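**Q** Have a look at this one before I ask anything.
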Amino acid sequence: MTAASRVTAMGLTERARRAAGIAAEYADRVDVEGRFPSEGMDALKAERLMGILIRPEFGGEGATMTEIADICAILGQACASTAMTYAMHQIQVASLSDYALGSAWHESFQKRICEEQLLIASATSEAGIGGNLRNSLCAIEVEGETARLTKDATVISYGAEADAIMVTSRRNPDAAHSDQVATVFLKDQYTLERTSVWDTLGMRGTCSEGYIFKAEAPAVQILPRPFAEIAAQSMLAVSHLLWGALWYGIAADAVARAQSFVKAAARKSPGQMPPGALRLAEASSLLQLVKANVVAGLKQFAECKGDGDALNAMSFSVAMNNVKIGTSQTILTIINHCMLICGIAGYKNGTPFSLGRHLRDAHSAQLMISNDRILGNTSTMLLVNKQDTSLLG
């Protein structure tokens with residue numbers, strides 16, 4: 001890392017921490033009320049963090065995926081709903097910044113994201129496809145210079161709060177289910193008819209409700225590259241990495257609360273090992289494994305970025321899948337350890353050691369792109385390819 005990049009990274013971290021401090025103040029209220037984390041998101045916008053991934057020539061700061069992941073981890077320690085909303089926004093921005101180059105409309109839109117600090121949502125889920133984002137039933141219809149689309153979207157996270165939504169569909173009514181495109185629709189170009197509410201165990205502030213989405217917009221808003229390419233080379237990997245980072249943040253805050261609990265117990269009984277000390281050491285070890293898993297994934301993504309062959313390689317897909325599987329499973333073990341350390345103080349709401357929100361939010365991790373689906377895809381790849389077992393491979 002150069003001296004200039006270190007200064008930039010420090011600046012982003014400081015801005016993220018200021019925003020996270022505000023998000024943390026409202027995290028419990030967002031959870032209890034099941035409402036959008038407006039305070040945390042407004043703080044991120046005030047810190048000008050919405051468009052930092054975008055290239056400088058389009059108004060962004062050219063932040064790396066590692067820097068974005070670090071922000072997600074910082075936010076995850078404050079408010080998981082704010083962190084998830086920010087992560088999902090950046091997943092869409094990554095698709096735009098890398099897969100819409102040369103498109104005048106999309107380049108102009110990226111400038112708007114930076115100038116106006118716009119929030120971008122996505123609609124990939126659809127009734128009838130079983131959660132497989134690589135299949136669509138709906139098809140975009142282009143007539144002259146106008147595109148129209150209706151989609152029964154089972155989930156559009158923070159859809160009512162977004163300034164624009166990136167929507168997947170079949171390329172045309174005659175296209176195969178897997179022949180997809182992604183289209184950006186602005187808020188004044190679509191309507192949302194709510195079909196389901198979001199009353200859930202955790203991640204309540206993401207407001208991931210279902211809608212009938214109807215839109216009409218200029219056809220130039222369709223991304224120029226096939227969605228198959230965007231999904232394989234960007235969207236899935238970026239999702240796993242940014243989600244992994246924010247899940248790490250949730251677990252890190254749980255460990256910090258458990259550590260504070262053990263320290264308080266040690267002060268009460270000088271010279272004696274507190275009951276939870278050994279379990280704290282184990283939780284800390286597991287947390288380090290999660291961090292190493294995410295950091296290794298970010299390093300591999302950075303090395304492969306811009307190389308289509310590397311991004312399409314089986315080894316890359318397996319590695320990104322394993323980041324998601326390993327992280328989503330391990331954080332639950334970590335938070336359970338922390339709950340046992342803190343005991344009733346962790347089980348109860350409203351204490352400095354409360355962990356109920358952390359545990360409930362963390363349970364979403366195995367469901368977001370189902371671990372069973374990912375394991376099925378990984379097993380298929382491993383059956384036809386030899387896995388690299390080199391320590392440095």
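**Q** Being open to solvent by 30 Å² or more (accessible area, probe 1.4 Å), polar (S, T, N, Q), in the same structural domain as Ile156 (by TED's automatic domain parsing) and in contact with a Ser or Thr (Cβ under 9 Å, 6 or more places away or on another chain) is the requirement here; does Ser208 meet it?
**A** For Ser208, the condition - open to solvent by 30 Å² or more (accessible area, probe 1.4 Å), polar (S, T, N, Q), in the same structural domain as Ile156 (by TED's automatic domain parsing) and in contact with a Ser or Thr (Cβ under 9 Å, 6 or more places away or on another chain) - is not met.
**Q** Look through the range 174-200, keep the residues that are in contact (Cβ under 8 Å) with a residue 40 or more places away in the chain and of a type in the set (A, V, I, L, M, F, W, C), and return whichever of them is surrounded by the fewest Cβ atoms within 10 Å (Cβ to Cβ).
**A** It comes out as Trp198.
**Q** Taking Arg267 as the residue in question, decide whether it is at pLDDT below 95 and open to solvent by 50 Å² or more (accessible area, probe 1.4 Å).
**A** Spelling it out, Arg267 is indeed at pLDDT below 95 and open to solvent by 50 Å² or more (accessible area, probe 1.4 Å).
**Q** Given the residues Gly76, Gly51, Gly130, which is the only one that is within 30 Å of Arg357 (Cα to Cα) and under 12 Å from the mean Cα position of the chain (by Cα)?
**A** Gly76
**Q** It is to be established whether one or more residues within the range 80-87 are of a type outside the set (A, V, I, L, M), crowded, with 24+ Cβ neighbours inside 10 Å and out of contact with any Ser or Thr (no Cβ under 9 Å at 6 or more places or on another chain).
**A** Among the residues of the range 80-87, at least one is of a type outside the set (A, V, I, L, M), crowded, with 24+ Cβ neighbours inside 10 Å and out of contact with any Ser or Thr (no Cβ under 9 Å at 6 or more places or on another chain), which makes the answer yes.
**Q** Now for a separate question. Filter the helices (runs of 4 or more DSSP H) completely within the range 41-117 down to those with at least 3 residues that are among the aliphatic types (A, V, I, L, M).
**A** Output list reads 65-76, 80-99.
**Q** Does the range 166-173 contain at least one residue that is surrounded by fewer than 17 Cβ atoms within 10 Å (Cβ to Cβ) and in a helix (DSSP H, G or I)?
**A** Taking every residue of the range 166-173 in turn, none turns out to be surrounded by fewer than 17 Cβ atoms within 10 Å (Cβ to Cβ) and in a helix (DSSP H, G or I).
**Q** May I ask you to say which residue of Glu216, Glu229 is outside any helix (DSSP H, G or I) and either within 27 Å of the chain's Cα centre (by Cα) or at pLDDT 95 or above (or both)?
**A** Of the residues listed, the single one that is outside any helix (DSSP H, G or I) and either within 27 Å of the chain's Cα centre (by Cα) or at pLDDT 95 or above (or both) is Glu216.
**Q** If I go through the range 153-165 residue by residue, how many of them are assigned to a strand (DSSP E or B) and either open to solvent by less than 10 Å² (accessible area, probe 1.4 Å) or not assigned by TED's automatic domain parsing to the domain that holds Ser125 (or both)?
**A** Result for the range 153-165: 4.
Yes/no matrix, rows are residues, columns are (1) modelled with pLDDT of 95 or more; (2) surrounded by 19 or more Cβ atoms within 10 Å (Cβ to Cβ); (3) assigned by TED's automatic domain parsing to the domain that holds Glu126; (4) within 24 Å of the chain's Cα centre (by Cα):
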{"residue": "His337", "(1), (2), (3), (4)": "yes, yes, no, no"}
{"residue": "Gly343", "(1), (2), (3), (4)": "yes, no, no, no"}
{"residue": "Gly356", "(1), (2), (3), (4)": "yes, no, no, yes"}
{"residue": "Arg360", "(1), (2), (3), (4)": "yes, no, no, yes"}
{"residue": "Ala365", "(1), (2), (3), (4)": "yes, yes, no, yes"}
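**Q** Next question. So Ser328 clears everything in (1) of a type in the set (Ser, Thr, Tyr); (2) free of Cβ contacts under 8 Å to residues at least 12 places away in the same chain; (3) part of a helix (DSSP H, G or I) except one condition, right? Which one?
**A** It fails just one condition, (2).
The values are calculated or read from the model by the stated rules, or taken from the named source; none is laboratory data. Remember, it's a predicted structure, so these values are computed and weren't measured experimentally. Every residue, glycine as well, gets a Cβ built from its backbone with ideal geometry; the counts of neighbours run over all protein chains shown. For the accessible areas, the whole protein counts, side chains as well, though only heavy atoms, and no ligand, DNA or RNA atoms are used. Shrake-Rupley method; radii C 1.70, N 1.55, O 1.52, S 1.80 Å.
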